[in-house]
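What follows is a single structure, written as structure tokens, with notes after it.
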Amino acid sequence: CTCNAGYTGPDGGSCVACAAGEYKPTAGPYACAQCQTGKYSSATAATDETTCSDCIANSDSPMGSTSSSACTCNKGYWKTGGACEACAVNTYKDAQGDGACSSCPTGSGTKRVGA
């Protein structure tokens, strides 16, 4: 016996469902694949990569993410109202995350949004 799509394990052995954030499209003893960066899935025993949903625009998530909360705003963007918005002119954010943009120090600034 071999494990069905969405399940992994050795031929003739016990089969285990692919965990959230993973999928396996074919039958056999193959390992489950993780959702790519920028995607997530809460489904278990998933059989197709399309189970992995895209993060919201201007955000990213680690490989194998299991929920939308793993999607955090990219550098230059901050979380507001469920979206990642570009930092305004004269503000910046130099790290991944949902935190606010910071004002540029006195005597400096930015010329564009999303710095």
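Restricted to region 39-68, and to residues there that are free of Cβ contacts under 8 Å to residues at least 24 places away in the same chain and assigned to a loop (DSSP other than H, G, I, E, B), the residue that is most open to solvent (accessible area, probe 1.4 Å) is A43.
Looking across region 73-114, the residues that are open to solvent by 30 Å² or more (accessible area, probe 1.4 Å), assigned to a loop (DSSP other than H, G, I, E, B) and among the β-branched types (V, I, T) come down to V89, T106, V113.
Let me confirm something: among T47, T51, T80, which residue is out of contact with any Ser or Thr (no Cβ under 6 Å at 6 or more places or on another chain) and closer than 30 Å to C15 by Cα?
Of the residues listed, the single one that is out of contact with any Ser or Thr (no Cβ under 6 Å at 6 or more places or on another chain) and closer than 30 Å to C15 by Cα is T47.
The values are calculated or read from the model by the stated rules, or taken from the named source; none is laboratory data. Everything quoted here is computed from the prediction, not taken from an experiment. Positions of Cβ are backbone-derived with ideal geometry, glycine not excepted, and every protein chain shown enters the neighbour counts. Side chains are part of the model used for accessible areas, which takes the heavy atoms of the whole protein and leaves out ligands, DNA and RNA. Shrake-Rupley method; radii C 1.70, N 1.55, O 1.52, S 1.80 Å.
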